[in-house]
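First the structure, in the form of C-alpha cells, and then the observations on it.
Rule-based calculations on the coordinates, nothing more; no lab input. What you see is a predicted model; the values in this text were computed from it and never measured. Note that each Cβ is placed from the backbone with ideal geometry, even for glycine, and that neighbours are counted across all protein chains shown.
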Amino acid sequence: MDVWPLAGGSRWWKLVLYSEGEYVFDTSTASDSFFYNWSELSLAPVEWFRIGVVTQRTRAYKAERELQRGLLVGVSYRGKDLSAFVFNPDNGKPLVIIAIAATF
C-alpha cells in the first residue's frame, strides 16, 4: 500500500513532494491576514520510511522567522503514519512537531 504522498502531493521514483497552502483572513484587522504554506520534499527509500526537508510559512504564532525550515522523518505501518518535524534546528529553540495520521 502506497501511503506517500498524502493528498496534494506528487511522487517520482523515491522522491515525494507535498505542498499545501491557504490564505488566513482576519475579519477585524486586514493587515493581520496572511498566506500559510507547508511544503515537504522527502526521500522514501522503502515504502514505510521517509526522510527529508520541510518548510512552513506562517504568522500563526510568534517566531523570529516567518519562513521556518527544517528536517522530517516519517514511518508508516498498516495505514498509520507517524512523522516528526524539527524546524530551525540551528536555532537555540527549535520547534518540534509530531504528527499522527490514520487511513481507513
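Loop-only check: which GluC sites (Glu not before Pro) in region 29-88 are DSSP coil with at most 15 other Cβ within 10 angstrom?
Of the GluC sites (Glu not before Pro), the ones in loops of region 29-88 whose Cβ has at most 15 other Cβ atoms within 10 Å are 47, 64, 66.
Would you mind checking the radius of gyration and Dmax of the chain based on alpha-carbon positions, in Å?
Here Rg and the maximum Cα pair distance are 15.2, 48 Å.
Normalised by the number of residues in region 9-104, what is the relative contact order in percent for Cα pairs under 8 Å and 6+ residues apart?
17 percent
For residue 35, what charge total do you get from the other residues with a beta carbon under 11 Å from its beta carbon, if Lys and Arg give +1 and Asp and Glu give -1?
0
State which stretch of the chain is the longest one without any exposed trypsin sites (Lys or Arg not before Pro), exposure meaning a DSSP loop state and at most 16 other Cβ atoms within 10 Å.
The longest such stretch corresponds to 15-58.
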